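What follows is a single structure, written as structure tokens, with notes after it.
Rule-based calculations on the coordinates, nothing more; no lab input. Since the model is a prediction, treat every value here as computed from it, not as a measurement. Every residue, glycine as well, gets a Cβ built from its backbone with ideal geometry; the counts of neighbours run over all protein chains shown.
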Amino acid sequence: MTAPLIRSNFQFVIQTAPDLTERFYALLFERSPHLRALFGRRSEKAQAEMLAGALIAVIDHLEDPVWLATTLAPLGDKHRTYGVTDEMYGLVAAALLSTLASVSGPSWNPGLERAWHGALTFVATTMINGTGVHAGVSAAAPQTTV
Ligand code: HEM
């Protein structure tokens, strides 16, 4: 079960670096300057608070697949309207992992990396698949539930 690992690391990270989200955006835009143009409807501070809020909400619901699906699928649809493409999720996840690792310092380890990577992959996949209600969402073929 990786949720407790993620939660305790996240708690450590936000205590150590309350400016976590600013650090994340700085790294993301340094590595991928083309992403900057997508943002800007809101102030950087408002955007940072939104990301922190989204992360905390997801972390609070890691064991709640219904909440995750019903929240993240429409959020993914909304992201398409912002111009977010599937490839961008990998860039965001990589920058977030690097930021978490650098703030965690010696407490970062391969188990934590795997736990975060798994959670972010799940979040990205759910957002990319979306609700399937919008035309042209290629990854939104009906999912078979088993
Ligand atoms: C890891 C998964 C992600 C989560 C949990 C997340 C979360 C959020 C949330 C909660 C919002 C505010 C939604 C609203 O407008 O009501 C938002 C907005 C936004 N997100 Fe994400 N996001 C994710 C991935 C991405 C990716 C990969 C990109 C691409 C670079 C991106 C770009 C944006 C943009 C451009 C906005 C609108 C900003 C603005 O209004 O200026 N997000 N995101």
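So the values come out like this:
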| item | result |
| --- | --- |
| Loop-located GluC sites (Glu not before Pro) in the stretch 17-69, at most 16 other Cβ atoms within 10 Å (DSSP) | Glu63 |
| For the chain, size of Cβ-based charge dipole, Lys and Arg +1, Asp and Glu -1, in debye | 220 debye |
| Pairwise FRET efficiency - Gln47 versus Phe12, Cβ, R0 = 22 Å, nearest 0.05 | 0.40 |
| Two-site label geometry, Ala3 and Ala54: point separation in nm, points 7 Å out along Cα→Cβ | 2.1 nm |
| Percentage relative contact order, the chain, counting C-alpha pairs under 8 Å, at least six apart | 34 percent |
| Cβ-based net charge around Glu30, under 11 Å, with every Lys or Arg adding one and every Asp or Glu removing one | +3 |
| ³J(HN,Hα), Karplus 6.51/-1.76/1.60, whole Hz, each residue of the stretch 4-13, x for Gly, Pro | x, 4, 5, 5, 5, 5, 5, 4, 4, 5 |
